[in-house]
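Nothing in this text is a laboratory measurement; each read-out follows from the coordinates by a stated rule. Note that this is a predicted model, so its numbers are computed, not measured. With ideal geometry, Cβ positions are generated from the backbone for all residues, glycine too; neighbour counts draw on all protein chains shown.
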Amino acid sequence: MPASTITVRLTDEVREKLETIAKSMDRSRSYLIQQAVEDLIRQYDWQLREIEAGIKDAREGKFIEHDALLKYWSAKV
């Protein structure tokens, strides 16, 4: 897949930590940044899907009663 170049400004501290991680993994800084951005996008997409599903359920009247929710979470602790 073709790639494009972007510029990212990092503090010296973050750049140094990124360099250390990259060296320890035998990877480039660009590779790690690419992976981090992909992870962020996956997380955002998942979160957005879950929010949309929750809104859909709410519009359809699919709720859990407050007491039932408290009982459910109390059992998990």
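Counting lysine pairs in the stretch 12-76 whose alpha carbons fall under 30 angstrom apart, excluding pairs fewer than 8 residues apart on the same chain, gives 4.
Averaging 1/r over each pair of different alpha-carbon atoms in the chain and inverting the result gives 16.7 Å, the Kirkwood hydrodynamic radius. A Förster radius of 25 Å, combined with the Cβ-Cβ distance separating Asp45 from Arg15, puts the computed FRET efficiency at roughly 0.35. Annotation: peptides 5-12, 65-72, 26-33, ranked by per-residue average of other Cβ atoms within 10 Å with the highest first, follow the order 26-33, 65-72, 5-12.
Taken along the Cα-to-beta-carbon direction at a fixed 7 Å, the label points for Gln35 and Lys62 span 3.6 nm.
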